[in-house]
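Below is one structure, written out as structure tokens; the observations come after it.
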Amino acid sequence: MTGASRPLRGRVLAFACAASYLYRLLGAALLALPVIGAIDASGVRDFSRGNARLFDPGGLYLLEVLLHAREQLAASLVPTLTLAAVLGFLGFVPDAGLLGALGSAPPPPRALERMLWLSLATWGARLLLGLLTVGLALTARSFFASARDERLPLLAIGVMLVIGVLLQVAVSFWHDLAAADVVAGGARARDAIFAALDLARASAGSLLVRFVGAQLLALGTLLAAAAVVGTLEVVRGDTWRSTTALFIHQLAVLATIGLRAAWLRGACRASERLRRA
Amino acid sequence: MLAASLVAGNTTADTLPESASAIASYTLTARLDTTAHAVHGEGTLHWVNGSQASVDELYFHLYLNAFENERTLFNRSPFTRARSGRATRRWGKITLTRLVARELGGDLLPSLEPHSPGDPLDGTDRRLQLPRPVAPGESLTLELAWDSSLPEIVERTGVSGDFYLVGQWFPKIARLEPDGSWAHFPFHPHAEFYADYGDYDVTLDVPENMIVGATGRRVSERVEAGRRVLRQQQGSVHDFAWSAWPGFERREERIDGVDVHLLYPPGHTRNAERTLAALRFALPHFGERYGRYPYPDLTVVHPPAYAAAAGGMEYPTLITTGGPWHQSYWSRAVELVTIHELGHQWFYGLLGSNEPRHPFLDEGLNSYAEIEASEALFGQASASSALGLQLSETALHRAGMLLGPHDAPLAQPASEFVDFTELGALVYSRTALLLRTLGDVYGRERLERGLGEYARRYRFAHPGPNELLGALEAELGRAAADNLRRALFDGASVNYSIRDLRAVALAASPAGAGGASPDGPRYESRVVVHRAGELAFPVEVQLTTADGEQITRSWDGLGRDEVIAHVGPQPVIRAHVDPRDAIAIDEDLLDNALSVERPAPIDGWDRALYLFELVLGGLAP
């Protein structure tokens, strides 16, 4: 990378991160519309402190609004879940943009199509693993169903669920490595899936550290945001408190996207190194 | 003693009756057969005609017959799932094999009518014609023997696996009212129980490995020939129940002078600690309000998960709680069920009200007591505190109330409710919130005094609605009692709302004239407050002006509409009727305020956006 192209690539990366964030923001706004509409129609904004009243200790107005809006919310449930699934899946598009901005070379012409196939494969694997996990959890539970100590069945389920979650995380890891190979390395989706295995074998330790580190930092960011927002006492209804909470939450989302970009950068570099080797 | 306390007016701890008149006293032995899931019982019933009239008939409640087949009143009800949420899955029944009155001579069993009055398909409420009338004050000693076959646990009695909760297991005489009429009821899925007080002396014979919890105090226990034989005694109670399970773990603690015996499944150590913590608070708390708990023992049974339908039930000096082992990690349900069932020791046990006829007198008053105690213990997080969200009992009961009917009387017999959801909404939630409303409008301390007086004065006295109304009217006044009466018997409700809010700038005029000020414009604001429904409570109306000043006006709430005018340098931008949310039975809280300037919906957007942003992040491939 030349000195002259570095600022340009930096701008491209910033643009890709911003696009990723905006996709998330606009998607969330679309999903939130029925909820916000129901809250607005309930009349809670006629009260002092408006929506902040929903978060009062005791939950009196929260339950009141939920009951008031239950038919509206129930009617929007299936469309909202469907839209969330579609928007979630289409998250591979901003991801591809992010990977394109992170790679040393421009992405291949059919990168988006290959990302689509890769994402379908990933979702398929996630679904299979999810079903397998539930099946194993129920089987494990049945082994302890007649135990006097009632903790054992749930413990068995818990162990299976933890294994299931770890497998899902492993799929994410695998998917990201394959996606890096598709976009930054120019591989086809099927080849990338196997290349990801080679990649993981070649530098599993450092990649895992980066991946897990990014995930843990993202989790820490969300927890820190929750802690800070918790001190704001938004239920008081002051505009500055609510605005600050909104700002902190959005900053946290942006930070998680940045952390993801940092991890994907490492994945792209590893993919490029493997291809060079 | 009871008469003395009635005359004394305000009942204090010193004048609380120590014991009830022993009208129906049982000396029984019961042998549990864990192979046949059956109980063989025999013994005597010493019964006194405590009424003012001679009687020539007795009524017996044989409630296990409710589970005899699909044609009983219990099982042919359109909603076969009862209070415990379960339908009968294994039949159960009770068969009397001996019924002899020593004083009357001869076998009375042939005189026991074969079915409930007017219902040939039901055998839970049985009339016995006596060979001669029994005079007021005269007593009978009835020799009894019977065989009980236990159903799969339904309606908080029966067997599940090797766990037993044995309630309504013996032939139980109905209650004779003072006027000589029998209060007898076939067993309805919605209904509970009503009986005379007496002294119980019960010997239980169970397999040696069984751990037993039962009504009353254990006076002896021995093991012989592979059997555990234990004897329980308790005076001044109107029922006897017991539970047996080999798996129980046990905690014993003396709380407020009461020996508490807690039986719980393995793995429930945390639940057990939470149960005891709730009792440490609630026993003295209820004792202070409703009169000291008079019995030396309290047994608490937490059934295992596979017998969960046995949970959440009250019998004299024995209550059952429930919930999975992990419940106390994420909710207060363990504490709430403990507090609720303990409260029944007063609002059922010590008062002995007629549960089938007036379920609101036990479940409604007890739900109020539960809300009051849980909020005193946990504040606004009385129902739950998880993920930064606190839920109160009041909010949950309001949700329950709003999902039920809005115009049905609360004081209906249990069998009159369409289903248990309706009974729950009206009897538990609406009654509790009605009482809470009376407290918040007319004075919480006065309400507490009134309820306390009712609970003390009528201890062991089987009070009815009029006794409650009288005690509350004495403390809260006529208007409160009228509201209570209308809600209980007429299904009256109320909804306050702000119907209109307008502000107009007054025309400029010379200084000192008209409504305009020489310093700037003045505004006349007009607020219309509306009351719908038949209940009428005095309310506050809070007005907020454009510069944030808050002005509180009072309205007696008697008319349908009230127009409140305000003239000042700032227009009123918001009006809020009942800003303290004192009227917990208001049909719709969300129409209680009206604004001309609504706050920006930042909080709603913030939380919703953030939630869905995280969801989208999680759903990405």
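In the protein assembly as shown, the C-alpha radius of gyration followed by the widest Cα-Cα span (Dmax) gives 34.2, 117 angstrom.
Between B:D490 and B:V418, the FRET efficiency estimated from the beta carbon spacing at R0 = 22 angstrom works out to 0.75.
In this calculation the C-beta distance from A:D149 to B:N209 is compared with R0 = 25 Å, giving a FRET efficiency of 0.90.
Peptide B:395-405 shows a mean partner chain C-beta count of 3 within 10 Å per residue C-beta. In this simple spin-label approximation, B:L611 and A:L67 carry label points 7 Å from Cα along the Cα→Cβ vector, and these lie 1.9 nm apart.
Just need the relative contact order of chain B here, percent rounded to a whole number, with Cα pairs under 8 Å and 6+ apart. It comes to 10 percent, rounded to a whole number.
Rounded to whole Å, the principal axis extents of the Cα atoms in the stretch A:120-277 read 59, 53, 27, largest first.
Tell me, what is a quarter of the convex hull surface for the C-alpha atoms of chain B, in nm² with one decimal?
On the way: hull surface 139.5 nm².
If you wrap the Cα atoms of chain B in a convex hull and average its projections, you get 34.9 nm².
Computed with a 1.4 Å probe over protein heavy atoms only, the accessible area of B:W169 comes to about 0 Å².
Each part reduced to its alpha carbon centroid, the stretch B:346-409 and the stretch A:1-64 end up 38 Å apart. Compared with the dominant principal axis of the Cα atoms in chain B, helix B:333-343 is inclined by about 70°.
Just counting partner chain Cβ atoms within 10 Å, what average do the residues of peptide A:38-45 show around their Cβ?
Numbers: counts 1, 6, 3, 1, 2, 10, 7, 8.
The mean count of partner-chain Cβ atoms within 10 Å per residue comes to 5.
Scalar couplings 3J(HN,Hα) for the stretch A:154-159, obtained by applying the Karplus form with A = 6.51, B = -1.76, C = 1.60 to θ = phi - 60°, are 5, 4, 4, 4, x, 4 Hz; x denotes Gly and Pro. When only Cα pairs below 8 angstrom with a gap of at least 6 residues are kept, the stretch B:387-509 shows a relative contact order of 28 percent. The simple spin-label model puts a point 7 Å past each Cα toward its Cβ; for B:H326 and A:D40 those points are separated by 3.9 nm. Largest first, the extents of the alpha carbon coordinates of the stretch A:87-175 on the three principal axes equal 62, 19, 19 Å. For the chain pair B and A, the interface hides roughly 5400 square angstrom of accessible area in total, found with a 1.4 Å probe.
If r is the Cβ-Cβ distance from B:R526 to A:T239 and R0 is 35 Å, what FRET efficiency results, to the nearest 0.05? Walk me through the numbers before you get to the answer.
Values: r = 28 Å, r/R0 = 0.81.
E between B:R526 and A:T239, to the nearest 0.05, is 0.80.
Ordered from highest to lowest accessible area with the whole protein assembly present and a 1.4 Å probe, B:L387, B:L342 read as B:L387, B:L342.
Summing +1 for each Lys or Arg and -1 for each Asp or Glu, what net charge is found among the other residues whose Cβ lies under 10 Å from the Cβ of B:L469? The partial results should precede the final answer.
Numbers: positive: B:R485; negative: B:E467, B:E473, B:D482.
Around B:L469, the charge tally is -2.
Ranked by the mean number of other Cβ atoms within 10 Å of their residues, highest first, the peptides A:19-32, B:369-382, B:224-237 come out as B:369-382, A:19-32, B:224-237. Rounded to the nearest 500, the 222 nm mean residue ellipticity of the protein assembly as shown from helices alone is -13500 deg cm²/dmol, with -39,500 (n - 2.57) taken per DSSP H run of at least 4 residues.
So for B:F170, B:F612, A:F194, what's the accessible-area order with a 1.4 Å probe, most first?
Details: B:F170 5, B:F612 30, A:F194 130 Å².
My answer, sorted largest first, is A:F194, B:F612, B:F170.
With Cα atoms defining each centre, the stretch B:579-598 and the stretch B:102-175 are spaced 53 Å apart in the structure. The charge dipole of the stretch A:1-143, taken about its Cα centre with unit charges on the Cβ of Lys, Arg, Asp and Glu (plus for the first two, minus for the last two), comes to roughly 580 debye. In chain A, Cα pairs under 8 Å separated by at least six residues give a relative contact order of 23 percent.
When the surface is traced with a 1.4 Å probe over the full set of protein chains, B:R280 keeps roughly 90 Å² accessible. Name the residues of the stretch A:89-114 whose amide N is less than 13 Å from a point 7 angstrom out from the Cα of A:L8 along the C-beta direction? Under 13 Å, as judged by backbone N against the label point of A:L8, lie A:105-106 of the stretch A:89-114.
Give me a single rounded figure for B:590-601: the average over its residues of other chain Cβ atoms within 10 Å of their Cβ. Let's see the in-between values first.
Values: counts 12, 4, 3, 7, 3, 6, 1, 2, 8, 14, 6, 9.
Mean shielding count: 6.
Against the main long axis of the alpha-carbon atoms of chain A, helix A:111-143 sits at an angle near 60°.
The angle between the Cα long axis of helix B:393-402 and the main principal axis of chain B comes to about 90°, on a 0 to 90 degree scale. Solvent exposure of B:R580, expressed as accessible area, is near 140 Å², computed with a probe of 1.4 Å over the protein chains only. Taking all protein chains together and a 1.4 Å probe, the residues A:H68, B:H340 rank A:H68, B:H340 from largest to smallest accessible area. For a paramagnetic label modelled on A:T231 (point 7 Å from Cα along Cα→Cβ), amide N atoms under 12 Å away are absent within the stretch A:46-62.
The values are calculated or read from the model by the stated rules, or taken from the named source; none is laboratory data. Predicted model, so just to flag it, every value in this text is computed and none were measured. FYI the Cβ positions are ideal-geometry reconstructions off the backbone, even for glycines, and counts take in every protein chain you see. Quick note on the areas: whole protein, heavy atoms, side chains included, nothing else; ligands and nucleic acids left out. Shrake-Rupley method; radii C 1.70, N 1.55, O 1.52, S 1.80 Å.
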